[in-house]
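Trainee: Dropping a structure here in structure tokens format, bear with me for questions.
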Amino acid sequence: MSDLILELKDLSHSYDGKEISLNNITLTVNKAERVSILGPSGSGKSTLLRLIAGLEKPYSGTIAIQGKIVSSVNQMVAPEKRNVGLVVQEKALFPHLTVQKNIGFGIRKNQDRSKIISDLLNLFKIEHLSNKYPHEISGGEQQRAALARSMAPDPELLMLDEPFSALDKKLKEELYAELNQIFKEREQTIVLVTHDLDEAKVLSEKQVNLENT
Ligand code: ADP
Ligand code: MG
């Protein structure tokens, strides 16, 4: 088996069938690789992640995950069947669920739910927050909980859409160091969207600029 997790071929998207929001992207991401997508506001970064997640259908091109085509002009695999996770900048948690229940939300029935939850609470250093609701914890803690939730179903590919932009510099730097360790340890394959080149360099070994593709 190859180590190829994600393969985009000549991928383009248009929201209205006319204007192109994302133009002809070709990219491969291997197991445990961490890739950043850079580009100014409006360059199509979020659109790219929405396409990979299966929330948008491509205008042209294909997306394969673990060697299987999941998106093309005439074929769409449902988002929940892609084995991918997506973390967005804000409102990433369900407001009516505690941290613990948020993390447990996407765990499949046949898995060891309480162990997965306690491991992630521990990994993200939020054990003490497990019974709190999102509005009772800080922005940095909310993003830790959102990252934990996204990793709970053990996605083959984890996508992060500018998840740190609301955090201050000190919090970000703390989180970067921890995340690098967590992602390495778990061999987590990552596609990170950011407009911050420094962040991209700290968190990923490969950077793709949407303006230059
Ligand atoms: P980025 O995340 O890089 O800021 P986006 O992927 O959000 O860029 O947007 C790329 C382009 O697609 C922009 O021109 C934006 O206006 C347009 N766009 C994004 N979402 C929609 C939508 N739901 N409907 C119509 N146009 C959209
Ligand atoms: Mg965006």
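The values are calculated or read from the model by the stated rules, or taken from the named source; none is laboratory data. These numbers come from a predicted model, not from an experiment. Please note: Cβ atoms are built from the backbone with ideal geometry, for glycine as well, and neighbour counts cover all protein chains shown. Surface accessibility is based on the protein's heavy atoms, side chains included, excluding ligands, DNA and RNA. Shrake-Rupley method; radii C 1.70, N 1.55, O 1.52, S 1.80 Å.
Trainee: Looking at segment 133-153, which of its residues are among the acidic types (D, E) and modelled with pLDDT of 95 or more?
Mentor: The one that is among the acidic types (D, E) and modelled with pLDDT of 95 or more: E136.
Trainee: Right, something else. Taking the conditions exactly as written (of a type outside the set (S, T, Y), without any contact (Cβ under 8 Å) to a residue 60 or more places away in the chain, out of contact with any strand residue (DSSP E or B) (no Cβ under 6 Å at 6 or more places or on another chain) and open to solvent by 60 Å² or more (accessible area, probe 1.4 Å)), does K57 satisfy them or not?
Mentor: no
Trainee: Given the residues K101, K91, which is the only one that is more than 19 Å from the chain's Cα centre (by Cα) and basic (K, R)?
Mentor: K101
Trainee: Right, something else. Could you name every one of the strands (runs of 3 or more DSSP E) located completely within segment 1-56 that has at least 1 residues being on the phi > 0 side of the Ramachandran plot?
Mentor: Fully inside segment 1-56 and qualifying: 4-13, 22-30.
Trainee: Here's another thing I want to ask about it. Could you identify the single residue in S72, S14 that is out of contact with any Asp or Glu (no Cβ under 8 Å at 6 or more places or on another chain), small (G, A, S) and away from ligand 1 (no atom under 16 Å from the Cβ)?
Mentor: Every option except S72 fails the conditions.
Trainee: Right, something else. Please specify each residue of segment 139-179 satisfying the condition of being without any contact (Cβ under 8 Å) to a residue 60 or more places away in the chain, within 17 Å of Q89 (Cβ to Cβ) and of a type in the set (D, E).
Mentor: Listed by number, the residues that qualify are E141, D168.
Trainee: Condition (residue is open to solvent by 40 Å² or more (accessible area, probe 1.4 Å), under 30 Å from N23 (Cβ atoms) and assigned to a helix (DSSP H, G or I)) applied to segment 64-78: is it met by at least one residue?
Mentor: No - not one qualifying residue is present in segment 64-78.
Trainee: Something else about it: Can we say G42 is surrounded by fewer than 16 Cβ atoms within 10 Å (Cβ to Cβ) and either more than 19 Å from Q89 (Cα to Cα) or away from ligand 2 (no atom under 16 Å from the Cβ) (or both)?
Mentor: no
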